[in-house]
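What follows is one structure encoded as structure tokens, with my remarks underneath.
Derivation of every value follows stated rules applied to the coordinates shown; laboratory data play no part. Bear in mind the structure is a predicted one, so any value in this text is a computation, not a measurement. Cβ atoms come from the backbone with ideal geometry, glycine included; neighbour counts cover every protein chain shown.
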């Protein structure tokens, strides 16, 4: 079983990261009792992706990972499957007046995520409280985003996700879609559509790449993501998250 290491804010200085954490693949999984927003942001800037869990002996804890591999989408590799291409060409987007929105307040997305996963989620109560304490103003630094795909015709939120930008990077945390039930089969592929439209928005705004996190899910590769080892990823990550985009993700121009 992989060892989970305790991590503290004092560990996040460049000398320790570069000498010990980054090159040592045995240092991948970490935990902390801290729910400090500044600590969470520092972890994100260093390339960690953080979730949470409940432990009988510790209660809710922050789980953060410096992954061995990352799924990364470069815009030249963005791919629309045959099914997605058929949906785009069908006229449904115009009929439904589909719109991708970058919400100023992520509360709607967070509530939909909790409902979508119905208790089987790493979104513990302290983690949700932490999310509400994170910056949501559109700045070059860390910004939490609620991504929403709407049918303006029906005033219906179809799909979406929670993620954050730092510099010229975007990282996904979790997503939702309208479930495939007899009443909702009309929305099949719209979850994939949301990701494809978001990727196009990120590309057009000048972001360097999309960090999709763990490489184990097939949908990420289907979208065009490639698997990068930690060292290659971090070289790109540290450069891109320290730079700035020319246009913000939450721009008034429409891309839907």
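Fully extending the segment from residue 8 to residue 153 would add 47.3 nm, taking 0.36 nm per residue of separation and subtracting the current Cα-Cα distance. Listed by Cβ neighbour count within 10 Å, with the fewest neighbours leading, 107, 10 appear as 10, 107.
Shape analysis of region 4-67 yields a ratio of the Cα radius of gyration to the Kirkwood radius, Rg/Rh, of 0.95.
Label-to-label distance, residue 200 versus residue 186, with points set 7 angstrom from Cα along the beta-carbon direction: 2.2 nm. With respect to the chain, whose longest principal axis is taken over its alpha-carbon atoms, helix 230-240 is tilted by about 70°. Legend: ranking of residues 204, 155, 105 from fewest to most surrounding C-beta atoms inside 10 Å; resulting order 155, 105, 204. Beta-bridge orientation, the chain: approximately 85 percent antiparallel, per DSSP, counting only bridges with both partners inside. Calculated mean residue ellipticity at 222 nm for the chain: -8000 deg cm²/dmol, from DSSP H runs with n ≥ 4 weighted as -39500 (n - 2.57), summed, divided by the residue count and rounded to 500. Between 0 and 90 degrees, the angle of helix 107-117 with respect to the longest Cα principal axis of the chain falls at about 90 degrees. The fewest-to-most ranking of 5, 20, 177 by surrounding Cβ atoms within 10 Å reads 20, 5, 177. Among 89, 236, 188, the largest mean-square fluctuation in a Gaussian network model of the chain, built with springs joining Cα atoms closer than 10 Å, belongs to 89. Measure nothing fancy, just the Cα-based angle from helix 190-204's long axis to the longest principal axis of the chain, in degrees from 0 to 90, nearest 10. Orientation of helix 190-204: about 70 degrees from the principal axis. Site pair residue 231 and residue 19 shows an inter-label distance of 1.9 nm when each label is modelled 7 Å from Cα along Cα→Cβ.
Placing a label point 7 Å from the Cα of residue 99 along the Cα-to-Cβ line, the residues of region 124-168 whose backbone N sits under 11 Å from it are 150-156.
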